[in-house]
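These notes are about the structure you will find just below.
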Amino acid sequence: MSADLASALSTVLDGAVITGLRRLTAGASRETWSFDADGRPLVLRRDPPEVPRPVEVRREAECFRAAARAGVPIPRLVTTGDGTDGVGSPYLIMERLEGETLPPRLLRDDRFAAARERLARDLGRTLARLHAIPPDEVPTLEVVADPLARLRVDLDDDEARPTLEVALRQLAQHLPSGRPPGVVHGDFRNGNLLIGEDGLRAVLDWELAHLGDPREDLGWLCLRTWRFGAAEEVGGFGDREDLLDGYAEVAGERPDDAAVRWWELYACVHWAVICRWQAQRHLSGAERSVELAVLGRRAVEAEYDALLVLGLVDPDDPLPGVDPPAARGDRPTVDELLEAVDGFLAEDLAPADDRSRYLARVSRTALSIVRRETRLGPELDRLHAEALRAAGCRDDAELAAGVRDGTLDPDDAAVAAAVRSSTLTRLAVANPRHPVTRPRRGHEEPML
């Protein structure tokens, strides 16, 4: 496949000699390829051939050009196409800049220490410039006039999630004052930012851009998921105050902190919906991917983060703990079989390329989820059933419906306990390490 793609890229780039073509780990929704064309460093981002989205690619190209005019740091767009020229699917080709996008390195490597100190304020300034892009320069962007309605539609296509129903109820009751629609990046966060030792070098991945309330980007950047284990509220590297102060330097107006916190809670629900939507791409058979499959189980992390923002859970409280049943039956046991496969992925397979190594790690995550569910699932189900009975509900669907229609009050202790149980018992299977990433005291306050 790489040879055919290299040939197509050569044709698109006027016969340039293509060297060093390799697929990168980045991108669950689009493929990312690095290569040189006559020695010029470039990046190809293309839709999976089985899921082409030409309208979205044209929209992203439009955003690239408008952002460059507004002074937002961004790679220079070289060309774009619909894939009929041999590239195989709609794509963008852009210059390849030096820098780092992997959050664990950005948050822990000493060489980025100086950049981290000023990054939150710099990102505030960058967002202010981004939000100043005139909407008429990006005419294909869709307007999201009612973000809660959009979330509701997406959530109704998923299984019952009581915690998200509580979050939506609180969001509806505390709507921030309206703002004129502006350009919203839609995925401005740690991982989509190219960082050098001198700071921000480029804003990447504009495929979720739309017109809406610009404060959405600020709340999204503060989502706990993007801290990757670090404590600082903004991407794990900075303070919320610095972010908003930097924004005010360029915009001339400081965003309302309460509104940003509203959008942070919104981000929790939105990320949960995105995780489930990505998993559905795999489950439907449209795009088989272990990466997309595992993302489905990450939705419960966003639920937990929503409970934190709402003040309905204490980060110091442990997850439900159960003793697994004693092993019985033939050896090797299920645990031992899973451990054997995990060892194969970690040691014996030893994939050569970055993408395969990344997918091997994702596969090991999937195995660990299976192991916990087989060992702990039955007892966790029993504990949750007790919490549901105390709230007068048969299952999560009845609990979620009651919260939505108002027949169940989340302020009632039994209802609140059942909501927490719905999330915490699933989080104990999906990722028991997630609560370990605790906010610094005094930084996170309940929204209400």
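Okay, here's what the table says:
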{"read-out": "Enumeration of residues in the range 185-213 that are aliphatic (A, V, I, L, M) and part of a loop (DSSP other than H, G, I, E, B)", "value": "204, 208, 209"}
{"read-out": "Test result for residue 216, open to solvent by 10 Å² or more (accessible area, probe 1.4 Å) and assigned to a helix (DSSP H, G or I)", "value": "yes"}
{"read-out": "Number of the exception - residue 56 against (1) under 30 Å from residue 6 (Cβ atoms); (2) modelled with pLDDT of 95 or more; (3) among the charged types (D, E, K, R)", "value": "(2)"}
{"read-out": "Some residue of the range 163-184 being open to solvent by less than 20 Å² (accessible area, probe 1.4 Å), assigned to a loop (DSSP other than H, G, I, E, B) and either charged (D, E, K, R) or touching a Cys at 6+ places or on another chain (Cβ under 9 Å) (or both)", "value": "no"}
{"read-out": "Residue that is least open to solvent (accessible area, probe 1.4 Å), among those in the range 27-80 that are of a type in the set (Asp, Glu) and assigned to a loop (DSSP other than H, G, I, E, B)", "value": "47"}
{"read-out": "Members of the range 226-261 found to be in contact with an Asp or Glu (Cβ under 9 Å, 6 or more places away or on another chain) and open to solvent by less than 30 Å² (accessible area, probe 1.4 Å), listed by number", "value": "227, 233, 234, 237, 238, 240, 243, 244, 246, 247, 259"}
{"read-out": "Selection count where residues are among the polar types (S, T, N, Q), surrounded by 20 or more Cβ atoms within 10 Å (Cβ to Cβ) and at pLDDT below 95, scope the range 421-444", "value": "1"}
{"read-out": "Selected residue (criterion: nearest to residue 188 (Cα to Cα)) from residues of the range 273-307 that are in contact with an Asp or Glu (Cβ under 6 Å, 6 or more places away or on another chain) and modelled with pLDDT of 85 or more", "value": "273"}
{"read-out": "Among residues of the range 50-96, those that are under 14 Å from residue 205 (Cβ atoms) and of a type outside the set (Phe, Trp, Tyr), counted", "value": "15"}
{"read-out": "Residue count for the range 100-120, restricted to those that are part of a helix (DSSP H, G or I), open to solvent by less than 70 Å² (accessible area, probe 1.4 Å) and not aliphatic (A, V, I, L, M)", "value": "4"}
{"read-out": "Where residue 86 falls short, out of the listed (1) within 25 Å of residue 6 (Cβ to Cβ); (2) surrounded by 17 or more Cβ atoms within 10 Å (Cβ to Cβ)", "value": "(2)"}
{"read-out": "Any hit, the range 263-286, residues being of a type in the set (Lys, Arg) and not in a helix (DSSP H, G or I)", "value": "no"}
{"read-out": "Residue ID - nearest to residue 320 (Cα to Cα), chosen from residues in the range 399-420 that are open to solvent by 20 Å² or more (accessible area, probe 1.4 Å) and touching a residue at least 24 places away in the same chain (Cβ under 8 Å)", "value": "420"}
{"read-out": "Close pairs (6 angstrom Cβ cut-off, 6 or more residues apart or separate chains): in contact (Cβ under 8 Å) with a residue 24 or more places away in the chain in the range 269-283, open to solvent by 30 Å² or more (accessible area, probe 1.4 Å) and in a helix (DSSP H, G or I) anywhere", "value": "273/154"}
{"read-out": "Residue 140 open to solvent by less than 30 Å² (accessible area, probe 1.4 Å) and either outside any loop (DSSP other than H, G, I, E, B) or modelled with pLDDT under 95 (or both)", "value": "no"}
{"read-out": "Residue 158, sole failed condition from (1) in a strand (DSSP E or B); (2) open to solvent by 10 Å² or more (accessible area, probe 1.4 Å); (3) of a type outside the set (Lys, Arg)", "value": "(1)"}
{"read-out": "Inter-residue pairs, beta-carbon under 7 Å, first open to solvent by 10 Å² or more (accessible area, probe 1.4 Å) and in the range 187-212, second aromatic (Phe, Trp, Tyr), 6+ apart", "value": "189/220; 189/226; 191/226; 197/112"}
{"read-out": "Selection count where residues are in contact with a Leu (Cβ under 9 Å, 6 or more places away or on another chain) and of a type in the set (Asp, Glu), scope the range 152-196", "value": "3"}
{"read-out": "Where a residue in the range 148-177 is at pLDDT below 95 and its partner, wherever it lies, is open to solvent by 70 Å² or more (accessible area, probe 1.4 Å) and among the polar types (S, T, N, Q), with Cβ under 9 Å and at least six apart", "value": "157/280; 158/280"}
{"read-out": "Meets criteria (open to solvent by 40 Å² or more (accessible area, probe 1.4 Å), over 30 Å from residue 171 (Cβ atoms), assigned to a helix (DSSP H, G or I) and at pLDDT below 85) for residue 352", "value": "no"}
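The values are calculated or read from the model by the stated rules, or taken from the named source; none is laboratory data. In this text, all values refer to a predicted model and were calculated from it rather than measured experimentally. All Cβ positions, even for glycine, are placed from backbone atoms using ideal geometry, and neighbour counts span all protein chains on display. To get the accessible areas, we keep the full protein, side chains included, count just its heavy atoms, and leave off ligands, DNA and RNA. Shrake-Rupley method; radii C 1.70, N 1.55, O 1.52, S 1.80 Å.
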